[in-house]
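S.K.: Could you have a look at this structure, given as structure tokens, before my questions?
The values are calculated or read from the model by the stated rules, or taken from the named source; none is laboratory data. A quick note: this is a predicted structure, and the numbers were derived from the prediction, not measured. No Cβ is skipped: glycine too gets one built from the backbone with ideal geometry, and neighbour counts run over all protein chains shown.
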Amino acid sequence: MKLQDQVCTLEQGKRLAELGITASPKWMYFNCHPHSGLCLSEMPNRHMAILTGHFPLDPSEYSLTPAFTVAELGQMLPDQITQYIRRESNNWWVGLGPLMAASSSEADARAQALIYLLETNQLTADEANKRLMQ
């Protein structure tokens, strides 16, 4: 399975950060080189040093964005939601009461559910951050 399928999308990572998710994920998206575009790394500083020959001290040099994994997203979701995660056909479904988040990627479906809960104030960013820190 590709790493991209095991983490939330770049847009979802940005949205989760905007909504106050500050916990440090295992993986980060970043612009690794002007010509090669987006990269995923566990250690973006070290990755950048290898690619560019210098260690960037300013994170704005490479635009870090969280890339939360399936496990991290699941840990941030309330327990009553994680009970309703299933795969049917080619889609992952994450239960939200009468609403469902669905996607071909489990990480994407979990991120959709988390964003929905944060946007509708059914979960606070502090609660999600604390759950991930446990």
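S.K.: Please find, among Lys26, Lys2, the residue that is in contact with a Phe, Trp or Tyr (Cβ under 9 Å, 6 or more places away or on another chain), modelled with pLDDT under 90 and of a type in the set (Lys, Arg). Talk me through it step by step, then tell me what you get.
M.R.: On the way: Lys2 fails: in contact with a Phe, Trp or Tyr (Cβ under 9 Å, 6 or more places away or on another chain).
The match here is Lys26.
S.K.: Regarding Ile21, is this residue modelled with pLDDT of 90 or more and at negative phi? Give the steps one after another, and end with the answer.
M.R.: Values: modelled with pLDDT of 90 or more: yes; at negative phi: yes.
Yes, satisfied.
S.K.: Now for a separate question. Could you look through region 69-126, keep only residues that are out of contact with any Phe, Trp or Tyr (no Cβ under 7 Å at 6 or more places or on another chain), surrounded by 14 or more Cβ atoms within 10 Å (Cβ to Cβ) and of a type in the set (Asp, Glu), and pick out the one that is modelled with the lowest pLDDT?
M.R.: Asp108
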